[in-house]
Each structure stands twice: as C-alpha cells, then as structure tokens.
Amino acid sequence: MTLTQLKAFLAVARLGSVKAAAISLRVSEPAVSGSVAALRRELGDQLFVRAAGGIALTPGGRRLAAGAAEIVGLAEETRRKVREAGTEGSHLRLAATETIAEQIVPPLLEAFVRQYRDVETTTLAVPAGALVELLLDRRADIAIGLADADPDGTGGTALRPDTFEHIPFLRVPLVVVAAPHHLGAGIDHLAGGRLHLPVGRLAGQHWLLGPGGLDPATPGGAFLTRHGVGERAAAVFPSAGAALGAAVAGDGLALAPAHLVRDELRRRVLTVVAVPGTPVDAVLRASALHGDRRTPTAAALCRFVTTPAAVRSLLARAAGVPAGHYRPTVRVSLWT
C-alpha cells in the first residue's frame, strides 16, 4: 500500500469518479484505475461499486477512506515539519472561502504577523466544501469561514466536532444593499428614501455577487438559494469588491457583511434594502484540528482571533480603504 494509491482512492471517493480523480490529481485515468485495482487486490475488497450518478463505497471502502485521509494528512504534515526544521521561522497555511480570503483574511493576518513576526503565511482561497478536506489532509493548518450563528454551531460548512475545534470570534450580519437610486422591479420606495423588498420577489432581482456567492454551504448562499435565487438571476464578479462597485453604480442588489459596507452606507452611495429574514445572522469562525494534531502557528492564530487586537483589525477595515479599491494579496488554489 503506497501513498500514491491512497491518494488516488481518496480522490475517487471524494469526487465520485475515476475521471474526476484523474483530473484533480493531474494524472491519467489508467494510473488512477491501476492504483485502485492494487488496493482492491491487497485488501480483498471492491472498495466501491458503480451506482446511479457515480459510485457507492462499500463498508470497507468507507473505512479505507477515513484511514486514507488520516495517513495522507500525516504524510503532508511530516513533510512540512521536515522542510521547516532547517529554518528559523514557521509557516501558516490558512484556508478560507473566496470572499473571506479577499475581505477578512488580509487585515486579520496583518495584525497577527505584527505580533508573530517569524511566521510566514499562505492563504488558500477555495469553495466552502473544500475546507474540511484541506484540514484533514494537512494541506491547511486552519480554516476561516462564515457559519450560521445557530446555538449548536452546525450551520455553514459542516466540520465534525469530534475532529475539529470551532472558535467563533465575530458576529457578521449580512445585509442586502443597493444604490439609493436603484429601480429594480418589485422594490418599494418607502418614506425617508428606504427601500423594501418582499422576500417572495428576491428571485426576480438582479444580484451582484463575488466568487462563491451562491454556494449553499455559506450562510449568504444558503439564504439566496432558499429563496429561489439561481445562476440566471446573478452576475458573479471576480471579487466581492467588484460586486459592491457594481451595486454602487446601480446595477443591482448585493449581499454583504454590514461592517464592510459601513463607509458606503455613511456616504449614502449604498443603502440597506429591508428584506424579511435579514440581516442574515452569521458568525466568523476559525476551525482547526484538535489538540496536538494542530500546528503551533495554528494554535497561536486560534488564540489570537478572540483578542481585541484581532477584532479591531477586522472592524477598522470598514473605515479604511473603500471596498472597490481594496486589493488584498491572496494565493488562489483552483479546486474541482
């Protein structure tokens, strides 16, 4: 049994087909099939069978998938420790959804590095569903994302509490915003210039969204999906800042963290649209592996996110550079 074989099987189990696994691993389909066949012979188990819409893991396949994720993760962690052994500093790999990587992570890491100067950081911007895999495989040390602010913390991306620790550190209400002069169909102009939109008319609006804006694994995406907003009603921009810029120009509606549009609201280039069920109550949450499975730098960031310095760094962003001019440095990892 080799790491190559385990990686191949894990990709098939997660992506649901040999073809998708081969594309993800950047190898040929016969190479993936050969690795899986070798595991089947060694373990005496089919591991998975064809099923409607993809594959179904056998009981043995499910156990192998869990063990393979742990083994591959430990191998990656060992590689990282060996690479860092000859250096004085340490490296923090942070995974976040695309919008969080753009708007939240840069000021947070800037404040963190001011206190931990020997830490180098890398941000991986991925869809919400990839956060679990990156943590399990040790390709990321910590994940930061938005989750539903429900009491049991199960909203948003499901990260298993027996494997991960979740640290909520800032409530982030999401509000619907538009230019004050926006004249979308179904929007009522109330006294005082306020805009009102019945929840049943959300699907008929033109929505301006950043990457992953319709991802149902995020609180904002789940809200829009729940009310019938689909791809036909949305324009997806390469950044959340660009989407807000289009909203300022009067091109449609946007869903944004309230503290990140505070400056635009103050200058009255944007206004909050009153929609039943909003603000969407969400919470910023850091997630990492439990105990000694967590790297020292990840443990340091887990402690830091709950400090006043971290919260100040995030809230100060609203009074700093306007959203349309903000250009964070983000390493983007393409993810199938």
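Values in this text are rule-based calculations from the coordinates and carry no lab data. Here the structure is a predicted model, which means the values were calculated and not measured. Heads up, the Cβs are rebuilt from the backbone with ideal geometry, glycines too, and the neighbour counts pull from every protein chain shown.
Around the amide H of Phe48, modelled in the peptide plane, lie the amide H atoms of Thr58, all under 5 Å away and 5 or more residues distant in sequence or on another chain.
For Thr225 and Arg50, the difference between the fully extended length at 0.36 nm per residue and the C-alpha to C-alpha distance is 60.0 nm.
Using the per-residue mean of other Cβ atoms lying within 10 Å as a proxy for protection, in what order, highest first, do the peptides 298-307, 95-104, 21-30, 278-287 fall? Display every interim value, and only then the final one.
Numbers: 298-307: 18.2, 95-104: 25.9, 21-30: 15.4, 278-287: 21.7.
Ranked by mean Cβ neighbours within 10 Å, highest first: 95-104, 278-287, 298-307, 21-30.
Its alpha carbons considered, segment 174-274 gives a radius of gyration followed by a Dmax of 12.3, 36 Å.
If you take the C-alpha gyration tensor of segment 3-82, multiply each eigenvalue by 5 and take the square root, what semi-axes do you get, largest first, in whole Å? Don't skip to the end; give the middle numbers.
Numbers: eigenvalues 85, 44, 27 Å².
Three semi-axes, in Å: 21, 15, 12.
Cβ-Cβ distance of Arg267 and Ala316, R₀ of 22 Å, FRET efficiency by 1/(1 + (r/R0)^6): the value works out to about 0.80. The phi torsions of segment 44-57, fed into the Karplus equation with coefficients 6.51, -1.76 and 1.60 and a -60° offset, translate into couplings of x, 9, 5, 6, 7, 10, 5, 9, 4, x, x, 10, 10, 6 Hz, rounded to whole numbers, with Gly and Pro shown as x. Computed from phi, the 3J(HN,Hα) profile of segment 117-124 under the Karplus parametrisation 6.51, -1.76, 1.60 (θ = phi - 60°) reads 6, 8, 9, 9, 10, 10, 10, 9 Hz, with x in place of Gly and Pro. In order along segment 205-221, the phi-based Karplus estimate (6.51 cos²θ - 1.76 cosθ + 1.60, θ = phi - 60°) of 3J(HN,Hα) comes to 8, 9, 9, 10, 10, x, x, x, x, 9, 5, x, 7, 10, x, x, x Hz; Gly and Pro are listed as x.
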